[in-house]
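Read the figures in this text as sums done on the coordinates, not as results from a lab. Values in this document were obtained by computation on a predicted structure and should not be read as measured data. In this analysis, Cβ positions are derived from the backbone assuming ideal geometry, glycine residues included, and neighbour counts consider all displayed protein chains.
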Amino acid sequence: MADTNNGGATATQPQSLSVLAQYVKDFSFENPGAPQSLRARQSAPQISIGVNVQAGQPVNGEAEVSLSLDVRAAEGDSVVFAIELVYAGMFRLVNIPPDAVQPLLMVECARLLFPFARQIVSDASRNGGFPPLMIDPIDFVALYRQRVAEAQAQQGGVGRA
């Protein structure tokens, strides 16, 4: 049982994460071959999707997290369509331990932003005359671990000849 104020002890404040705002920070849709690119084709174009998460340092318990999606559909060397989206959010962090801030921003905040960014990409491809592009779920934990491993490898390589 928590002691709320007996003997000078204070109760532990609960940890929380709140979404203050979500917004499109940058967006681009390109259909360079239109109207020819909208004609029936023999095979589906090759789709490549790049994902990046950027998190700012919290100021007064608030931080911005940006989820970038770079989508390219191509047939050979020609681009069928391209979508670039930076979808961001402002988050409030309350009583989060310092060592948990970056994983929370890079993983949990990105997970909260992803469904909205996914819908924007789907709507953009549909509105551009193509079938809606439904991006598969992203493993933000693996993405974060990869980024940490790359940063550690770079630090390990500093100073070597």
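A compact table of results
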read-out	value
Per-region count, the range 63-80, residues among the polar types (S, T, N, Q), in contact with a Lys or Arg (Cβ under 7 Å, 6 or more places away or on another chain) and over 18 Å from residue 51 (Cβ atoms)	0
Identity of the residue in the range 43-71, β-branched (Val, Ile, Thr) and farther than 22 Å from residue 126 by Cα, that ends up surrounded by the most Cβ atoms within 10 Å (Cβ to Cβ)	65
Residue that is nearest to residue 69 (Cα to Cα) [pool: residues in the range 14-29 that are among the aliphatic types (A, V, I, L, M) and in contact with a Phe, Trp or Tyr (Cβ under 8 Å, 6 or more places away or on another chain)]	24
Among (1) touching a residue at least 60 places away in the same chain (Cβ under 8 Å); (2) charged (D, E, K, R); (3) in a strand (DSSP E or B), the one test that residue 84 misses	(1)
Answer from 130, 91, 81 - the residue that is over 18 Å from residue 29 (Cα atoms) and either of a type in the set (Lys, Arg) or buried (at least 16 other Cβ atoms within 10 Å of the Cβ) (or both)	91
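Table: residues versus (1) more than 21 Å from the chain's Cα centre (by Cα); (2) farther than 21 Å from residue 127 by Cβ; (3) of a type in the set (Ser, Thr, Tyr).
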position: 22; (1), (2), (3): no, no, no
position: 25; (1), (2), (3): no, no, no
position: 32; (1), (2), (3): yes, no, no
position: 37; (1), (2), (3): yes, no, yes
position: 41; (1), (2), (3): yes, no, no
position: 73; (1), (2), (3): no, no, no
position: 76; (1), (2), (3): yes, yes, no
position: 79; (1), (2), (3): yes, no, no
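Let's see how each residue does on (1) in contact (Cβ under 8 Å) with a residue 24 or more places away in the chain; (2) polar (S, T, N, Q); (3) closer than 18 Å to residue 55 by Cβ; (4) in contact with a Gly (Cβ under 7 Å, 6 or more places away or on another chain):
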site	(1), (2), (3), (4)
104	yes, no, yes, no
120	yes, no, no, no
123	no, no, no, no
128	yes, no, no, no
134	no, no, no, no
